[in-house]
Amino acid sequence: ADFDAKKKRKVAEIYQALNSDPINVATLRRMAISEGGLLTDEIRRKVWPKLLSVNTDDLPPLPARKELREDNKDYQQVLLDVRRSLRRFPPGMPDDQREGLQEELIDIILHVLQRNPQLHYYQGYHDIVVTFLLVVGDRLATALVEKLSTHHLRDFMDSTMDNTKHILNYLMPIIDQVNPEVHDFMQSAEVGTIFALSWLITWFGHVLSDFRHVVRLYDFFLACHPLMPIYFAAVIVLHREQEVLDCECDMASVHHLLSQIPQDLPYESLISKAGDLFVQFPPSELAKEAAQAAQAERTAASTFKDFELASVQQRPDTVLRQRFRERLRGEERLRGEERTKSILTKPRTNRFVKLAVMGLTVALGAAALAMVKSALEWAPKFQLQIFP
């Protein structure tokens with residue numbers, strides 16, 4: 001009964017936020033993140049567009065199916081992927097209904113790609129689109145997916161995988177901050193991060209069999225920073241600490257273990273942990289490690305630039321050292337191996353401070369977030385010996 005009362009209160013609060021003028025998007029974000037997410041598909045149909053700031057009064061009409069499919073370079077691939085997507089539809093759905101939805105799914109994907117020639121289709125994209133189609137129907141799904149594809153999913157839709165790999169490079173630094181033992185074990189096993197690729201690019205839609213869990217995660221991701229799915233991936237690995245450490249320390253075993261995602265995860269507690277980790281170790285703070293991981297992919301230079309912008313408070317001498325380092329890049333490539341060693345044995349001084357802060361965040365919930373955020377904005381002044 002207590003749960004029902006809580007649920008009723010939450011529904012009332014969501015509708016109050018939707019009906020206020022202007023709409024209270026901050027409250028809707030909080031509701032989407034907090035326990036239970038947005039609760040029902042009926043509410044999602046109203047709130048998801050607000051989280052993506054999509055105007056539902058002005059949805060473009062869908063073009064005729066025949067026009068969309070004629071001479072479309074992606075049609076064959078999309079068709080194959082959608083045909084294979086049977087398990088993404090509710091079990092027991094009549095065949096003709098499912099087939100109708102699969103045709104709509106193809107149309108939505110082709111429509112978004114046609115309107116945005118800069119976007120490239122990737123396998124797994126349909127797993128995201130089908131989630132929207134099942135919750136909000138084809139016209140609204142098209143508008144939401146288009147917005148998402150030009151924002152949150154933009155990096156996955158480049159002509160190359162470089163940016164996607166770069167996002168995966170954030171996974172190990174997050175794990176390292178929380179659990180160096182698991183991090184070092186995974187490094188020794190040389191497992192890499194590819195096990196998390198399908199999680200990331202489908203927002204877990206491809207790997208979770210229960211649709212309720214998928215839409216709960218979508219509530220969370222739609223309300224958060226685009227990198228949140230990689231924090232959630234890290235939290236799943238951390239949750240399985242014991243299984244990982246009990247595994248044979250070789251690539252095949254660890255990869256096999258991690259790529260089989262358990263279906264009975266404690267989603268609510270993992271969501272709140274992912275949120276806490278994001279606040280404590282924001283992407284700007286992890287950018288240096290991610291860049292070092294990306295050294296091979298040569299995305300480092302741009303990351304260092306972002307990193308500089310992200311930490312405006314750093315002392316001028318740090319920036320000068322950064323310039324100096326860029327000149328040394330050439331020599332550094334030769335010393336790459338030594339550097340890798342030093343990264344692996346780097347001191348982890350402020351982790352305990354952070355974990356203490358983390359306990360606090362969990363205890364105080366949303367109120368603490370603001371406090372922790374301001375603490376983090378201030379902290380870099382003494383933590384930013386970034387470029388040794």
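The values are calculated or read from the model by the stated rules, or taken from the named source; none is laboratory data. Computed from a prediction, not measured in an experiment: that's the story for all the values here. Here the Cβ positions follow ideal geometry from the backbone for every residue, glycine too, while neighbour counts run over all protein chains shown. Just so you know, the surface numbers come from the protein's heavy atoms only, side chains and all, with ligands and any DNA or RNA stripped out. Shrake-Rupley method; radii C 1.70, N 1.55, O 1.52, S 1.80 Å.
Given 25 °C and 0.890 mPa s, how large is the Stokes-Einstein diffusion coefficient of segment 223-293 in µm²/s, with Rh as the Kirkwood radius over Cα pairs? Answer from the Stokes-Einstein relation: 181 µm²/s. A 1.4 Å probe run over segment 1-155, with the rest of the protein chains in place, finds 53 Å² accessible per residue.
Note: relative contact order over segment 1-155, using C-alpha pairs below 8 Å and six or more positions apart, is 24 percent. Which of the pairs Lys8/Lys273; Lys66/Lys147; Lys66/Lys165; Lys50/Lys165 have their Cα atoms more than 28 Å apart in this structure? Where the Cα-Cα span goes over 28 Å, the pairs concerned are Lys66/Lys165; Lys50/Lys165.
Potential lengthening of the chain between Asp21 and Leu62 amounts to 11.7 nm, from the contour at 0.36 nm per residue minus the alpha-carbon distance. Ranked by solvent-accessible area (1.4 Å probe, protein heavy atoms only, all chains present), the residues Val11, Val135 order from largest to smallest as Val11, Val135. The phi torsions of segment 208-222, fed into the Karplus equation with coefficients 6.51, -1.76 and 1.60 and a -60° offset, translate into couplings of 9, 7, 8, 4, 4, 5, 4, 5, 4, 5, 5, 3, 5, 5, 5 Hz, rounded to whole numbers, with Gly and Pro shown as x. Largest accessible area first, the residues Ile33, Ile194, Ile271 order themselves as Ile194, Ile33, Ile271 under a 1.4 Å probe with ligands, DNA and RNA left out. Each residue of segment 30-39 was assigned a 3J(HN,Hα) from its phi angle through the Karplus curve 6.51 cos²θ - 1.76 cosθ + 1.60 (θ = phi - 60°); the sequence is 4, 5, 5, 7, 5, 3, x, x, 8, 6 Hz, with glycine and proline shown as x.
Straightening the chain between Leu245 and Ser53 buys 64.8 nm, computed as 0.36 nm per residue apart minus the Cα-Cα spacing.
Phi angles across segment 86-93 convert, under the Karplus curve 6.51 cos²θ - 1.76 cosθ + 1.60 with θ = phi - 60°, into 3J(HN,Hα) values of 3, 6, 8, 9, x, x, x, 6 Hz, Gly and Pro given as x.
When its C-alpha radius of gyration is set against 2.2 N^0.38 Å (N residues), segment 1-155 gives a value of 1.15.
What part of the accessible area of segment 160-313, given as a whole %, is carbon or sulfur when the probe is 1.4 angstrom?
Values: 3200 of 5680 Å².
On segment 160-313, the fraction of accessible area on carbon and sulfur atoms equals 56 percent.
Rounded to the nearest 20 debye, the dipole magnitude of segment 160-313 is 540 debye, with +1 charges on Lys and Arg beta carbons, -1 on Asp and Glu beta carbons, and the Cα centre as origin.
Compactness of segment 106-257 was expressed as the Cα radius of gyration divided by 2.2 N^0.38 Å, which yields 1.11. Counting only Cβ charges, +1 for Lys and Arg and -1 for Asp and Glu, the dipole size of segment 1-155 around its Cα centre is about 540 debye.
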